[in-house]
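The structure appears right after this line, and notes come after that.
The values are calculated or read from the model by the stated rules, or taken from the named source; none is laboratory data. None of these values were measured; they are calculated from a predicted model. Note that each Cβ is placed from the backbone with ideal geometry, even for glycine, and that neighbours are counted across all protein chains shown. The accessibility values were calculated without ligands, DNA or RNA, using every heavy atom of the protein model including side chains. Shrake-Rupley method; radii C 1.70, N 1.55, O 1.52, S 1.80 Å.
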Amino acid sequence: MDFAGALSGDHLKFLFNGFMVTLYIAFISIVLSFIIGIIIGTLRYAKIPVISKVLALIVETIRNLPLLLIIFFTYFALPEIGIKMSITAAAITALTVFESAMLSEIVRSGLNSIDKGQIEAARSSGLTYIQTLSKIVMPQALRRMVPPIVSQFISLLKDTSLAVIIALPELMHNAQIIYAQNINYVIPIFILVSVMYFIVNYGLSLIARRLESRQA
Amino acid sequence: MIQFAAVNKYYGDFHVLKDINLKIEKGEVVVVIGPSGSGKSTMLRCINRLESITDGKLTINNTEVNDKKTDINQLRRNIGMVFQHFNLYPHKTVLENITIAPIMVLKQTKEEAEKTAMYFLEKVGIPDKANSYPSQLSGGQQQRVAIARGLAMKPDIMLFDEPTSALDPEMIGEVLDVMKALAKEGMTMVVVTHEMGFAKEVADRIIFMDHGQILEQAKPAEFYANPKEERARLFLSRILNH
């Protein structure tokens, strides 16, 4: 093991750059999939004829495929039908598609968990369906969704490492390049990379816990 | 004011409401009693279309409730409803619970709506709870807030669906007192309940239902002294002699 060699200034900078790519890809995908997940989950909850059924089919298909396959598909198969993307765009697209499907299920079950009596009370006072959804059901459901949504975000952040397969220069990718030079770098680099993932993800779960206890 | 004409309702093959004919006048207090599963709550919930009817005609002030052209939200403004399980919004304060519909539906200003809300909170006896959350209140207090929430829309009709059935015995009185006061002020009320004392004291008319049918309609004194229907007699003997 060669800690000093493995963790040289250049290597640290290279790892840090990779980590920034990881965080950047994760952040964009989180924002996009959160928005799309809420829209799809709500549309499915609302049981709109045709639309809800079609969305159900799409969501179920995506949820039952491995993310790795979706990443491959986005980067290698889509160009065959004329959709070409950069590595970064492909990674964001694949992650967003997959995580939106996962989040939409969290949103849908969160909405379903709200007592029907709440809806009856609101509707019987003259509120429209949309008003009932946005003022009564959604705010209560969102509070319940916080823990599963955050844990989905943590998964997403870790899943960015799968994009190593299309050579996205994220943390795992850059780590590989470093330890490929020297077998003695492997363990030090793995330890450092683990610490980096851990700090961010553990931070996220602490935030989730705080949000949970505040609403209790 | 409320009129059922030959109303039937089915849940699939199950015939829940059978040929309901009922006319409720303005200012009348009608108490609906009967064994559980007799269709009392279903009938009540048809009035504001929480349940739809299968056939027949149901009108409120000559507006057909189940007509596609009827603006149901417009109709519901005018009908307050109080539920067995209160159904207060847990994420909103008492004041917000009461003001949300007046603000969103009647387009009142926040100040106006809060003034009205405080007026009705005084009326149900808990103005000091305005800024509490429902979970901080007792069951009786929650139900009184629910009544204030219904009244804040200044409805012509108030529906009560077993308003005291989920309450501890010592809290039933405070809710019934509010309802009695409301009845004395001339509110049109339809009340599904098992509170025979309330029915005797306040009702203008008792409706007895069983198996989806209205079996008997009578003034309370008449009904309790001499129920005509065998099933009503049996029901009363079970409820009163224990």
At 7 Å along the Cα-to-beta-carbon direction for both A:Ile83 and A:Ile39, put a label point, then send me their distance in nm to one decimal.
1.5 nm
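Which whole-number percent gives the relative contact order of chain B, counting Cα pairs below 8 Å spaced six or more residues apart?
Numbers: 434 pairs, mean separation 64.5, N = 242.
Once divided by the residue count of chain B, the mean separation gives 27 percent.
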Distance-filtered residues of the range B:198-215 - backbone nitrogen under 14 Å, label point 7 angstrom along B:Lys180 Cα→Cβ:
B:198-203
Can you tell me the 0 to 90 degree angle between the C-alpha axis of helix B:94-104 and the longest principal axis of chain B, rounded to 10?
80 degrees
Treating cross-link reach as a plain straight distance, find the aspartates and glutamates whose alpha-carbon is under 19 Å from the alpha-carbon of A:Lys158, omitting any fewer than eight places away in the same chain.
A:Glu99, A:Glu170
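Take each of the peptides A:198-210, B:142-154, average the number of other beta-carbon atoms within 10 Å over its residues, and list them starting from the highest.
Working: A:198-210: 13.0, B:142-154: 25.2.
So the order, starting with the most tightly packed, is B:142-154, A:198-210.
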By how many degrees, between 0 and 90 and to the nearest 10, does the Cα long axis of helix A:9-45 differ from the longest principal axis of chain A?
20 degrees
Would you grab the residues whose amide H sits under 5 Å from the one on A:Ile48? Only those 5+ places off in sequence or on another chain, please, with H modelled 1.01 Å from N.
none
Taking A:Lys53 as the anchor, which lysines have their alpha carbon closer than 25 Å to its alpha carbon, excluding any fewer than eight residues away along the same chain?
A:Lys116
Just how far, in whole angstrom, is the range B:33-77 from the range A:102-131 if you go by their alpha carbon centroids?
22 Å
Using the heavy atoms of the protein chains alone and a 1.4 angstrom probe, what is the accessible area of the range A:132-216 per residue in square angstrom?
51 Å²
Label B:Ser135 and A:Ile165 with points 7 Å out from Cα along Cα→Cβ: what is the distance between them in nm?
4.3 nm
Compute, for the protein assembly as shown, the length of the dipole vector about the Cα centre, with Cβ point charges of +1 (Lys, Arg) and -1 (Asp, Glu) only. Units Debye, rounded to 20.
480 debye
Compute the accessible area of each residue in the range B:37-74 twice, once for its chain alone and once with every protein chain present, using a 1.4 Å probe on heavy atoms, and list those whose area falls by at least 50 Å².
B:Asn73
Pair B:Asp128, B:Asp55: separation of 7 Å Cα→Cβ label points (nm):
5.8 nm
From DSSP H assignment alone, runs of 4+ in chain B each adding -39500 (n - 2.57), the sum over residues rounded to the nearest 500 puts [θ] at 222 nm at -11000 deg cm²/dmol
Looking at the protein assembly as shown only, what percent of DSSP beta bridges run antiparallel? Nearest 5 please.
55 percent
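At a Förster distance of 41 Å, what's the computed FRET efficiency of A:Thr128 paired with A:Gln176, Cβ-Cβ distance as r, to 0.05? Show your work: numbers first, answer last.
Working: r = 55 Å, r/R0 = 1.34.
Step by step, r from the Cβ atoms, then E = 0.15.
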Helix B:230-240 against the longest principal axis of chain B: what's the angle in degrees, Cα atoms only, rounded to the nearest 10?
50 degrees
Using r as the Cβ-Cβ distance of B:Lys107 and A:Ala46, and R0 as 25 Å, what FRET efficiency do you calculate, to the nearest 0.05?
0.50
